[in-house]
Structure formats: C-alpha cells, structure tokens
Amino acid sequence: MSKIKRIGVFTSGGDAPGMNAAVRAVVRSCIYYGKRVFGIYRGYDGMIQNDIEELGARSVSHIIQRGGTILKSSRSDEFRTQEGRKKAFENLKSHGIDALVAIGGDGTFAGLNVFYNEFKMPSICIPGTIDNDLPGTDYTVGYDTATNTAVEAIDKIRDTALSHNRLFFIEVMGRDSGQIAINSGLAGGAVQILVPEEHTTIDEIIAKLDQTSKNDKKSSLVVVAEGGKSGSALEIARQVKEKFNYFETKVTILGHLQRGGSPSYFDRVLASKFGVAAVEGILRGEKNAMLGMKGSTMVFNSFEDMKKMSPDIDHESLRISKIISI
Ligand code: F6P
C-alpha cells in the first residue's frame, strides 16, 4: 500500500495539444485509486504563488478534445532560485501534497530534478511538448497534432505556390529540434528540409532548387526548422534570392498556430496512457523519472539517466525525403 495520499498535477513550459487529456487522465486515475488530487495553476509560478486547488472527476469533464491547458502554463524564472523552490515546497506541504506529476518538456523535467534533489518529493514527468525533442521516448504529447497542423498549412501553401509558380520557405517550430520540420516536410512534399541538426549551406540549397527546376519543377516548398544553423526562413530566403531568381520567392512563418487546436486521436491516447502510468508509477514507488513510450512499451527514465541521453531526430524520414524530392 502506498503512503502517498495527495498528488499535485501541473503543466509547464510551452503548451501542447493533449496536455488536457493528460491532466484528465491523472486526475481520474488518482480518484480511481482513492487518492486526492490537486491542480497547480501556471506551472512552477503557481506553485510559488500557492495557486492550487483540489480537483474532482467532474473538474476535468469535456477537456479531452481541447487544445491548450486548463491548468495554464508558464516558464518560471523564480523557480530557478532556491528561495522560489522553498516557497513552492512550503505551499505544496500546506495542501498536504506528497507527490507531483508534471506535464512538460526539457525545462520542466530539469526543474523537477532540482526540486526532487532538494526536497525528495516523488515526482514523475509526462513528456508534453510539440517539439518531440526528449530522449527516452518515441513521442511526446502534442507532436502528432502540431505536425498535422503544419502539414495542413503546407498543403494550403502548395495550392498558392503552384498557382503562381512560386518558391516558398515555410518556417515551422521546434526550438532546437528538426522533428516537426522533418515529418511535416516529408508529408507535405517539401523539396528540401532544413534542420538545426544538419548544416546546409546557401549554395547547397540553391543547387537543389536549380536541379529540380531544370527537372521541370514549376514551384517549390522548402521547410525550415526555426533555430536552424542556416538561419531563419526570412534570412535564408533573402540570401537565396540574391543568387537564384528562377522563382518568385515568399516566406511563411507558421509560429504559434502549431501549438493550438484540438489534439489528434494519437495525442489523446498517448496522453491518457501517460497519465494513468504516471499515477500508477508513483503509487508503486517510482520517483524522479520521466515517462517514455518506446514502441508500445511504457518506460520510466530516471532524471539522472535523462541528463546523459541526447534526443535524436528521425534520420530515416530525412533520408526518404531526400530520395523522393527530385
Ligand atoms: O517548446 C515548444 C515551443 O513551441 C518551441 O517549438 C518554440 O521555439 C517555443 O516553444 C516558443 O516558446 P514561447 O511560446 O515561449 O515563445
């Protein structure tokens, strides 16, 4: 029998579609196992400001299909300080909370690791970020939806690119990761995909565009991950235009629209599985770990192991795209 009686749940960092489905699964499984559950609003900031309330099964009704996060989110500077973390711990204790489930990305788990080392409160992190840039899991909650949103936008841009014989540079999100770019680029039929993990020179970009236009290509789409080594989509387009004017060139930055919207079936199911696994894990003594889904197996990666692992990108999709974008 677990000694844990009250579990706090929060979302942190950039919101991601499916976070609500994860919150719902955590809340409902706590109640299923006879535990009390508390929602912490605005991530670590809410923990510091005591923005915490008890939730019931009906508090999370009708949210499985909603984008964003009902618990709201933040990127907290105060939690980076020892004083901030101490305040957060005292507030959690005042509610009798003795374990935490966080839903977020690398910043969230890094914060939770420091917090665990200081206060030893059992904590599990559910990977929730559109970037899919965490090691130890094939997918993070939100990535599938965000990539589908990007593909939908790319398809629309293709219509206008084709009508005007234009070249479009489309910038997608993924702070330091090319994952959204790679799979939205492959699915959207991009002629090139530029990712932070691979350096492509302006001359190489032009050589590819030149070759495909000689191959009778009348319009082209290049998908660029933000934070890429070749620069932003605007910067790349500016440099390409100086040397290559076969096409009229335009730039579209998809930005935060990739973060919103109703989660896909995949993200809802993944989030629900993670939510239940997090609570069941805590109750059988798991602590200080990030959940991951490897194939169809649920895994707990300790925060310490996570620090030694590095995220990988989908090299195979990138390779496939290079073969078929001629
Ligand atoms: O981490 C998710 C993400 O959407 C990144 O892809 C992006 O670089 C960043 O968050 C943007 O953060 P913010 O919404 O704080 O500007």
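Every number in this text was worked out from the coordinates using simple rules, so none of it is lab data. Everything quoted here is computed from the prediction, not taken from an experiment. Note that we place each Cβ from the backbone using ideal geometry, even for glycine, and neighbour counts take in every protein chain shown.
The phi torsions of the stretch 153-159, fed into the Karplus equation with coefficients 6.51, -1.76 and 1.60 and a -60° offset, translate into couplings of 5, 4, 4, 5, 5, 4, 4 Hz, rounded to whole numbers, with Gly and Pro shown as x.
Taking the inverse of the mean reciprocal distance over all distinct Cα pairs, the Kirkwood hydrodynamic radius of the stretch 4-124 comes to 14.0 Å.
Using only Cα positions of the chain, each an equal point scatterer, no hydration layer, compute I(q)/I(0) via Debye at q = 0.11, 0.12 Å⁻¹ and quote the log10 values to two decimals. Those come out to -0.69, -0.79, one per q.
Using a Gaussian network model of the chain with C-alpha springs under 10 Å, which one of D203, D131, D312 is most mobile by mean-square fluctuation? The residue with the greatest mean-square fluctuation here is D203. With kT/(6 pi eta Rh) evaluated at 25 °C and eta = 0.890 mPa s, and Rh the Kirkwood radius from Cα pairs, the stretch 107-159 diffuses with a coefficient of 186 µm²/s according to Stokes-Einstein. If you plug the beta carbon distance of H256 and T160 into 1/(1 + (r/R0)^6) with R0 = 30 Å, you get a FRET efficiency near 0.90. Please report the net charge: other residues with Cβ closer than 14 Å to the Cβ of Q82, K and R +1, D and E -1. Residues close to Q82 contribute a combined charge of -1.
Amide H contacts under 5 Å for K250: L167, F168, F169, restricted to partners 5 or more places along the chain or on a different chain, H placed in the peptide plane at 1.01 Å from N.
Remark: the Cα gyration tensor places the stretch 144-259 in the oblate category, a/c being 1.5 or greater and a/b not exceeding b/c.
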